[in-house]
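Nothing in this text is a laboratory measurement; each read-out follows from the coordinates by a stated rule. Bear in mind the structure is a predicted one, so any value in this text is a computation, not a measurement. In this analysis, Cβ positions are derived from the backbone assuming ideal geometry, glycine residues included, and neighbour counts consider all displayed protein chains.
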Amino acid sequence: MRRIRIVLSSMWRQPAGKYSLTVLGLWIAVSLVSLCWTPYDLMETDGYHVWQAPSASHWLGTDGTGADVFSWLMAGSRTDLVIVVLTVLFSAALGLLLVAAMVSRSGALAHGSVVAIDALISIPTVLIALMLAVPMGASVAVIVLACGFGYGLNLARVARPQALLAANSMYVESARANGASAPRVFLTHVVPNIMPVVVVQCSLSAGTAVLAESGLTYLGVGVPSGVPSWGHSLATSVKFININPQTVLWPGLLVTLMVVALNLFGDALRDAMDPLANPQLRRA
């Protein structure tokens, strides 16, 4: 807990860290509040007040059905948060599993995994999502599986050089000589050495997952119709951009702010977790 406090305080002293912590904290808070309260019911429409400008009753105006834009964005925040968390967890687990295979002492397994990753990493995420959408239909699971698979391959490829250095180091050979098993060596010695790379790649995958949700939902293979999300709000409002451009502004602005915050969060967390760059953490 002391190290966590030191890392968070170090991040807060950085402009990038302060911005990312503030924005992500607000995102989480709004998502939790939206579980039990939104200004208007999502299914409540008003045909007499369509495309209404922002006002005291509707903070961000209304859409083409008279529904409150702020309520839909507020409810959509929790959908995007779930997508980001699940994508990061899936991509991190897959990436670390592939890294363990690539630094394995079995030459056939290591070489085969490298060749397989080089072949699979060329497949676009959109194509993976389209293939998954055929049997599964449009769903959050399609976004998580497609993005997590693509980002997990990228994480493994980026982390492999540093993982090889750690796996071939003298202290790893000493641990093996003392009878440590391969999983214990990987989790105890290799993973801590590649953690800065993993943190940055996970933050990049989180930011890209927000963009992917918007893009895949626009293509019809992401969040299904009726489920609130920022991508759904953006895909719906972009059809009427000539009628009321401001309805596109709000979800687009939210996506931009969150992607920037997630990318900056990874950079700030990497610097705060590095004992060489953080004297307080080194002393702790």
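Just a few scattered comments:
- Divide the volume of the convex hull around the Cα atoms of the chain by the residue count and you get 155 Å³ per residue.
- For the stretch 46-58, the Karplus equation 6.51 cos²θ - 1.76 cosθ + 1.60, evaluated at θ = phi - 60°, returns couplings of 9, x, 8, 9, 7, 6, 6, 6, x, 8, 5, 7, 10 Hz by residue, with Gly and Pro reported as x.
- Rounded to whole numbers, the Karplus 3J(HN,Hα) couplings from phi for the stretch 223-233 are 5, x, 4, x, 8, x, 7, 5, x, 5, 4 Hz, using 6.51 cos²θ - 1.76 cosθ + 1.60 with θ = phi - 60°, and x at Gly and Pro.
- GNM top mover of Pro196, Pro161, Pro228 - the chain, alpha-carbon springs below 10 Å: Pro161
- Residue of Gly179, Gly25, Gly107 that the Gaussian network model of the chain assigns the largest fluctuation, springs spanning Cα pairs under 10 Å: Gly179
- Only the Cβ atoms of Lys and Arg (+1) and of Asp and Glu (-1) were treated as charged; on that basis the dipole of the chain about its Cα centre amounts to roughly 1340 debye.
- Distant-in-sequence amide H partners of Glu44 (H built 1.01 Å from N, under 5 Å): none
- Cα shape, the stretch 1-144, gyration tensor, a/c 1.5 rule: oblate
- With 0.36 nm allotted per residue and the present C-alpha distance subtracted, the Phe240-Arg176 stretch has 16.7 nm of extension available.
- Net length available on complete extension from Asp118 to Arg2 is 37.7 nm, with 0.36 nm assigned per residue and the Cα-Cα distance removed.
- Note: relative contact order over the stretch 68-283, using C-alpha pairs below 8 Å and six or more positions apart, is 26 percent.
- Table column - 3J(HN,Hα) (Hz), the stretch 264-273, Karplus curve with 6.51, -1.76, 1.60, x for Gly and Pro: 5, 4, x, 5, 5, 5, 4, 5, 6, 7
- Leading residue at positive end of dipole, the chain (Cβ point charges), from Ala272, Asn178, Ala138: Asn178
- Between the helical axis of 69-102 and the longest alpha-carbon principal axis of the chain there is an angle of about 20 degrees.
- Most mobile listed residue (Ala75, Ala141, Ala177) in the chain, GNM with C-alpha springs under 10 Å: Ala177
- When the Cα positions of Gly220, Asn263, Ser31 are compared along the charge dipole of the chain, Asn263 comes out farthest toward the positive end, with charges on each C-beta of Lys, Arg, Asp and Glu.
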